[in-house]
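Colleague: Input: one structure, supplied below.
The values are calculated or read from the model by the stated rules, or taken from the named source; none is laboratory data. All values derive from a computational prediction rather than experimental measurement. Here the Cβ is made from the backbone with ideal geometry for all residues, glycine too, and neighbour counts use every protein chain on show.
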Amino acid sequence: MNSTFIVLREQIQNFYLVRRLSTFELRSENRNNYLGFLWELINPSIQIGIYYFVFGFGIRAGRDVPMEYLGKVKFFYWMLAGIVVWFFVSQAVLLASKSIYTRIGMISRMSFPMSVIPSVVIATKFYQHLLITALVFVILQFTHYHVSIYLIQIPYYMFSLLALTLSFSLITSTLATIVRDTQMVVQSLIRVLMYLTPILWQPNEKIIQWVFKINPLTYVVEGYRYSLLGGEWYFVHHAYYTLYFWIVVIVMFIMGSALHVKFRNRFVDYL
């Protein structure tokens, strides 16, 4: 447990540093592109168009998606409200997992703790996430899913998303530094998770719905949907699922912190 408090203290004490480094990385990523930051909107827009064509028109044949308390929802709006989470997670987890071993030469000569390196990558992608979420919110205002009181849930789910991503990345970034094959495992897991999360499809069978709910990302995706589309206080009406989610996050954070603190003094040896 001591390692948990060490990592948590480092995250809090270096919050300003994380914010500065993440904004620097964000500018650096788009410095050589003619369209600059616009690519952070263009790429997701292209993917959304493809997913809607394949799953909305092709597989679902234009059928609506049933949602508790909201009735039937157009597939495009249902997908849009959930896929914003996936765009963040898929990029943040992959990049955070390799963040330490790709920067080990640089950070070994600097004084700030290595545990904040995954946080810098996650924060960089979170700025993009805020922009995409704001765009989705604006689009929904031109439908009958206008802003509602349920929107005040969104900061809670954003915090939950950050906590889940950081906890998981502490584990994967440490293991990927020790064993490079971990990165390939993470890439495969991300591909699988996309179809084990209600982002592009929603199962009707109870057993598959149960499998979906084992995945803690489902909690965040559904929370975003009910925040943006309205309908219910998801974390209240699904209190047991909320408890399950935070137990999983805390356990992963404890495991990730223990692994990180145990091996970080030997990270340079794995170069």
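Colleague: Is there a residue in the range 78-87 that is over 28 Å from Leu8 (Cβ atoms) and either within 12 Å of the chain's Cα centre (by Cα) or assigned to a loop (DSSP other than H, G, I, E, B) (or both)?
Modeller: Among the residues of the range 78-87, at least one is over 28 Å from Leu8 (Cβ atoms) and either within 12 Å of the chain's Cα centre (by Cα) or assigned to a loop (DSSP other than H, G, I, E, B) (or both), which makes the answer yes.
Colleague: Inspect the range 45-65 for any residue being under 24 Å from the mean Cα position of the chain (by Cα), in a strand (DSSP E or B) and at pLDDT below 80 and give the result as yes or no.
Modeller: yes
Colleague: Does Thr197 meet the test of being touching a residue at least 24 places away in the same chain (Cβ under 8 Å), surrounded by 15 or more Cβ atoms within 10 Å (Cβ to Cβ) and within 16 Å of the chain's Cα centre (by Cα)?
Modeller: Against the criterion (touching a residue at least 24 places away in the same chain (Cβ under 8 Å), surrounded by 15 or more Cβ atoms within 10 Å (Cβ to Cβ) and within 16 Å of the chain's Cα centre (by Cα)), Thr197 qualifies.
Colleague: Consider the range 249-271. How many of its residues are under 23 Å from Trp210 (Cβ atoms) and either among the charged types (D, E, K, R) or surrounded by 17 or more Cβ atoms within 10 Å (Cβ to Cβ) (or both)?
Modeller: Count: 2.
Colleague: What helices (runs of 4 or more DSSP H) completely inside the range 187-271 contain at least 1 residues that are farther than 21 Å from Trp86 by Cα?
Modeller: Fully inside the range 187-271 and qualifying: 206-214, 234-237, 239-263.
Colleague: Pick from Leu162, Leu151: which is under 30 Å from Ser115 (Cα atoms), in a helix (DSSP H, G or I) and not aromatic (Phe, Trp, Tyr)?
Modeller: Of the residues listed, the single one that is under 30 Å from Ser115 (Cα atoms), in a helix (DSSP H, G or I) and not aromatic (Phe, Trp, Tyr) is Leu162.
Colleague: Looking at the structure I just gave you, is Val93 at pLDDT 85 or above, surrounded by 18 or more Cβ atoms within 10 Å (Cβ to Cβ) and not aromatic (Phe, Trp, Tyr)?
Modeller: Yes: the conditions hold for Val93.
Colleague: For the range 96-111, enumerate the residues that are modelled with pLDDT under 85 and either crowded, with 19+ Cβ neighbours inside 10 Å or not small (Gly, Ala, Ser) (or both).
Modeller: Ser99, Ile100, Tyr101, Thr102, Arg103, Ile104, Met106, Ile107, Arg109, Met110
Colleague: Sticking with this one: Please state which of the following conditions Leu38 fails to meet, knowing it meets all the rest: (1) at pLDDT below 75; (2) not in a helix (DSSP H, G or I).
Modeller: It fails just one condition, (2).
Colleague: For the structure I just gave you, tell me whether Ser115 is of a type in the set (Gly, Ala, Ser), surrounded by fewer than 16 Cβ atoms within 10 Å (Cβ to Cβ), farther than 22 Å from Glu222 by Cα and out of contact with any Pro (no Cβ under 9 Å at 6 or more places or on another chain).
Modeller: No, not satisfied.
Colleague: Next up: With respect to Val185, is the statement that it is under 29 Å from Phe55 (Cα atoms) and of a type in the set (A, V, I, L, M, F, W, C) true?
Modeller: yes
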